[in-house]
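**Student:** Mind having a look at this structure? Questions to follow.
The values are calculated or read from the model by the stated rules, or taken from the named source; none is laboratory data. Quick caveat, the model's predicted, so the values are computed rather than measured. All Cβ positions, even for glycine, are placed from backbone atoms using ideal geometry, and neighbour counts span all protein chains on display. We work out accessible area using only protein heavy atoms, side chains counted, and drop any ligands, DNA or RNA first. Shrake-Rupley method; radii C 1.70, N 1.55, O 1.52, S 1.80 Å.
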Amino acid sequence: MLKIIFALFLSCLLASASFASGSPRERLLLDFNWKFYLGDAPDVGTNFYYPEVKDLSKTHVDEVGMAEKLAAALPDPVAVNLGGNVSFAQPKFDDKDWRLLDLPHDWAVELPFGSDADVKHGFKTVGGKYPQNSIGWYRREFDLPAGDKGKVLQLEFDGVYRNSLVWLNGHCLGRHPDGYGSFRYDISRFANYGGKNEVVVRVDANRFEGWFYEGAGIYRHVWLEKTSPGAVAPDGVFVWTSFSNNVPQATGEVHARAQLNGPVANDAKISFEVIDPSGKTAGRAGQLVKAGSASPSEAVISLSSPQLWSPESPKLYKLITTVANEGKVIDRLETGFGIRTVAFDATNGFLLNGRPYTLKGTCNHQDHAGVGSALPDALQYYRVARLKEMGANAYRTSHNPPTPELLEACDRLGMLVMDENRRLDTSAQTLEDLKQFVLRDRNHPCVFMWSLGNEEAYLQGRTAGEITAAASKEAGAHITTVMQDLVRQLDPTRDCTVAMNGGWGEGISTVIEVQGFNYRTTNIGPFHEKFPNQPAIGTETASTRTTRGIYADDKVQGYVAAYGENGISKAWGWWPYYATHPFTSGGFVWTGFDYRGEPTPYKWPCINSHFGIMDMCGFPKDICYYYQSWWQDRPVLHLAPHWNWPDKTGQEILVRVFSNCQEVELFLNGRSLGKQAMEPNGYLDWKVSYAPGVLGAKGYAG
């Protein structure tokens, strides 16, 4: 499997290399040879004071709109060249004693643990209590050829946690508070052409945006993109497909839209070419752009016998967008996409390519084992491949926009994605972040819907201070409407949901396109009876707590028995219901992998969750085989626990079998302990008096 993952990862690198082939466009990875300093500049003073609302993790009704008021009281960082007089931001600053490293980088994972640190973030000594550990500076030099003068240069950050300020050659490019969204700066006017350039980034991780481990630093890739004036704008291509009645047929249409980065000086031609999965041209279209125009260009290309994308058959097409001016190609951009339809039906649930399709999904935070939030790309492929082996076909990016490389892995390997926004709010910054998030991700075929938020109690009806339940629900409905309308303008091909743990049928529920249910399986049936025309989805369905290979709770060691009886909702509590009620669409388990933070049910010295179906390294727990039994078609027969109990001879041991066989027979030292019939979506238990030897089982089908 590792060889397969490596081959896929290598193919991604090769695809990136061919991306610029024959094109004036360049996209350069700037991950290497950064200098890093943990701590703040000695002369920083109050330069970087940035007030924010008290709670960044959940939106409070009385704080709606407050972010804009706080930001309005501060100067524009670019206009005043914020921090231009701070030593660390100076181009000639001597950073020879700073640490040399490559990105992605998460400095929080390197910090020591502390019993008084934030429990939800895994007791890492970062955040407001530890200001000395919560500011980091990065510096990097790069050269620009003199020939780049006149080009449009974009410095792109896939993700920085959090509240970053960026300088180029001593000039402040801007501030980006959000810790999860991608952002970019046009550096053309501050660049030093024909010489060295110095980029400096200050990262402030004093504030938490979530209630889980979030990391700290430039934990995703950094890119430098060079294009000509009149080239395609960043995230300027949108490609989607359509069929009559939204059901795939022998002929379909590819819609291609391109926005240029500015008006063209002379009449230009935009050409669109569709390349099928085998590498052959499947269709072409073109359009003239008049001189001085910057309006988006759009074309429709008819395709016969299209090859559909699905998790079972992730066929990928390419759209090649070419901009030519006076016969000279000034831009050539490749955009991957897939041909498929997605929809929701109130009776039949989620529809993929016109047919009911049950979502067998997992929620997942972005951190992994020893690397924290700074995952190498190959680990994204590894995680998706592990989930597919289990039978999963869907992935929820809980609770924030993911790195682009995760979506690329899901496109290529075949995994549907519920793409989730971090903050439910209507502030200008939040709406701009949402806009950039949708523009960045809307071409990925794996993305089947947008999630605007998660468990926003203060907008679902919770009373707080003078805020009434009615005011809470009204605010929730208003915010959701504004955000959903924005998403619809940018991407009319997918529906939105909000993952809710209460308030169903009121407030947010009255405006959201697809009702999300977190836990409480008993509520989804009555809701459907009362609102039979409202589509639904299980956004978060079960949170079973287990430790791999451990079969008794141990509070001192922080272990939870692997039998899977500890949790809010167990696997066998939700899946049998969702599997047999199509209107639910299926759902997402909390979580696919263990993750840092939220240690439950124990606290210190336990530093990570036990919710994962797999542990932090991706090794399967026993419960993984329950899902594998019912989420895929290969025969499964799994026994638990191990059979080494030298101090328990004669004592009763609970033996659990996960299988999709029709019947299972258990044996101890060759003696049959009986045969049991397997209920669909179930499991089997035996109580066995322990004796040394061999415990075995046989599964029967037909």
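**Student:** Check residue 501 against each of (1) surrounded by fewer than 20 Cβ atoms within 10 Å (Cβ to Cβ); (2) under 14 Å from residue 514 (Cβ atoms); (3) of a type in the set (S, T, N, Q) and name the one condition it does not meet.
**Tutor:** Residue 501 satisfies every listed condition except (2).
**Student:** Is it the case that residue 504 is farther than 24 Å from residue 175 by Cα, hydrophobic (A, V, I, L, M, F, W, C) and free of Cβ contacts under 8 Å to residues at least 24 places away in the same chain?
**Tutor:** yes
**Student:** Restricting attention to the range 550-575, and to residues there that are within 27 Å of the chain's Cα centre (by Cα) and touching a residue at least 60 places away in the same chain (Cβ under 8 Å), which single residue is nearest to residue 367 (Cα to Cα)?
**Tutor:** 564
**Student:** May I ask you to verify whether residue 287 is at pLDDT below 95, surrounded by 14 or more Cβ atoms within 10 Å (Cβ to Cβ) and part of a strand (DSSP E or B)?
**Tutor:** Yes, satisfied.
**Student:** Moving to a separate point now. Looking for whichever is closer than 24 Å to residue 77 by Cα and at pLDDT 95 or above here; the options are 140, 99. Which one fits?
**Tutor:** Result of the check over 140, 99: 140.
**Student:** Related question: Name the pairs whose Cβ atoms lie under 8 Å apart, with the first residue in the range 37-56 and under 20 Å from residue 140 (Cα atoms) and open to solvent by less than 70 Å² (accessible area, probe 1.4 Å), the second of a type in the set (Gly, Ala, Ser) and not in a loop (DSSP other than H, G, I, E, B), and 6 or more positions between them or separate chains?
**Tutor:** Taking only residues 6 or more apart or on different chains, the pairs are 38/136; 39/136; 41/87; 41/89.
**Student:** Of all residues in the range 640-684, count the ones that are surrounded by fewer than 12 Cβ atoms within 10 Å (Cβ to Cβ) and either aromatic (Phe, Trp, Tyr) or under 41 Å from the mean Cα position of the chain (by Cα) (or both).
**Tutor:** 5
**Student:** Next question, about the same structure. Looking only at the range 58-99, filter to residues that are open to solvent by 30 Å² or more (accessible area, probe 1.4 Å), among the hydrophobic types (A, V, I, L, M, F, W, C) and in contact with a strand residue (DSSP E or B) (Cβ under 6 Å, 6 or more places away or on another chain); which one of those is nearest to residue 472 (Cα to Cα)?
**Tutor:** If we take residues in the range 58-99 being open to solvent by 30 Å² or more (accessible area, probe 1.4 Å), among the hydrophobic types (A, V, I, L, M, F, W, C) and in contact with a strand residue (DSSP E or B) (Cβ under 6 Å, 6 or more places away or on another chain), then 61 is nearest to residue 472 (Cα to Cα).
**Student:** Sticking with this one: Would you check if residue 385 is surrounded by fewer than 21 Cβ atoms within 10 Å (Cβ to Cβ), over 18 Å from residue 214 (Cβ atoms) and small (Gly, Ala, Ser)?
**Tutor:** Against the criterion (surrounded by fewer than 21 Cβ atoms within 10 Å (Cβ to Cβ), over 18 Å from residue 214 (Cβ atoms) and small (Gly, Ala, Ser)), residue 385 qualifies.
**Student:** Further question on the same structure: Is there a residue being outside any loop (DSSP other than H, G, I, E, B) and over 30 Å from residue 103 (Cα atoms) anywhere in the range 216-235?
**Tutor:** No, the range 216-235 contains no residue that is outside any loop (DSSP other than H, G, I, E, B) and over 30 Å from residue 103 (Cα atoms).
**Student:** Here is a list of conditions, (1) buried (at least 22 other Cβ atoms within 10 Å of the Cβ); (2) out of contact with any strand residue (DSSP E or B) (no Cβ under 8 Å at 6 or more places or on another chain), and residue 189 meets all of them except one; can you say which number that is?
**Tutor:** (1)
**Student:** Additional query: Identify all residues within the range 429-470 that are touching a residue at least 12 places away in the same chain (Cβ under 8 Å), open to solvent by 30 Å² or more (accessible area, probe 1.4 Å) and hydroxyl-bearing (Ser, Thr, Tyr); write none if there are none.
**Tutor:** Passing the criteria: only 458.
**Student:** From 663, 679, grab the single residue that is under 15 Å from residue 629 (Cα atoms), in contact with a Gly (Cβ under 9 Å, 6 or more places away or on another chain) and not aliphatic (A, V, I, L, M).
**Tutor:** Of 663, 679, the one residue that is under 15 Å from residue 629 (Cα atoms), in contact with a Gly (Cβ under 9 Å, 6 or more places away or on another chain) and not aliphatic (A, V, I, L, M) is 663.
**Student:** I'm trying to understand the selection: among the residues of the range 527-562, which are open to solvent by less than 30 Å² (accessible area, probe 1.4 Å) and within 20 Å of residue 626 (Cβ to Cβ)?
**Tutor:** 538, 540, 541, 542, 543, 544, 546, 547, 560, 561, 562 - these are the residues of the range 527-562 that are open to solvent by less than 30 Å² (accessible area, probe 1.4 Å) and within 20 Å of residue 626 (Cβ to Cβ).
**Student:** Could you pull out the residue among 251, 241, 281 that is among the β-branched types (Val, Ile, Thr), within 30 Å of residue 582 (Cβ to Cβ) and open to solvent by 50 Å² or more (accessible area, probe 1.4 Å)?
**Tutor:** Only one candidate qualifies: 251.
**Student:** Follow-up question, since we're still on this one. Somewhere in the range 326-345, is a residue open to solvent by 10 Å² or more (accessible area, probe 1.4 Å), more than 25 Å from residue 272 (Cβ to Cβ), of a type in the set (Gly, Ala, Ser) and in a loop (DSSP other than H, G, I, E, B)?
**Tutor:** Checked the range 326-345: no residue is open to solvent by 10 Å² or more (accessible area, probe 1.4 Å), more than 25 Å from residue 272 (Cβ to Cβ), of a type in the set (Gly, Ala, Ser) and in a loop (DSSP other than H, G, I, E, B).
**Student:** Among 207, 189, 220, which is of a type in the set (Lys, Arg) and over 23 Å from the mean Cα position of the chain (by Cα)?
**Tutor:** Being of a type in the set (Lys, Arg) and over 23 Å from the mean Cα position of the chain (by Cα) holds for just one of 207, 189, 220, which is 189.
**Student:** Of all residues being basic (Lys, Arg) and either within 18 Å of residue 88 (Cβ to Cβ) or crowded, with 17+ Cβ neighbours inside 10 Å (or both) in the range 131-169, which is farthest from the chain's Cα centre (by Cα)? Just the residue, please.
**Tutor:** Across the range 131-169, the extreme among qualifying residues is 151.
**Student:** How many residues does the range 564-599 hold that are open to solvent by less than 30 Å² (accessible area, probe 1.4 Å) and in a loop (DSSP other than H, G, I, E, B)?
**Tutor:** Count: 9.
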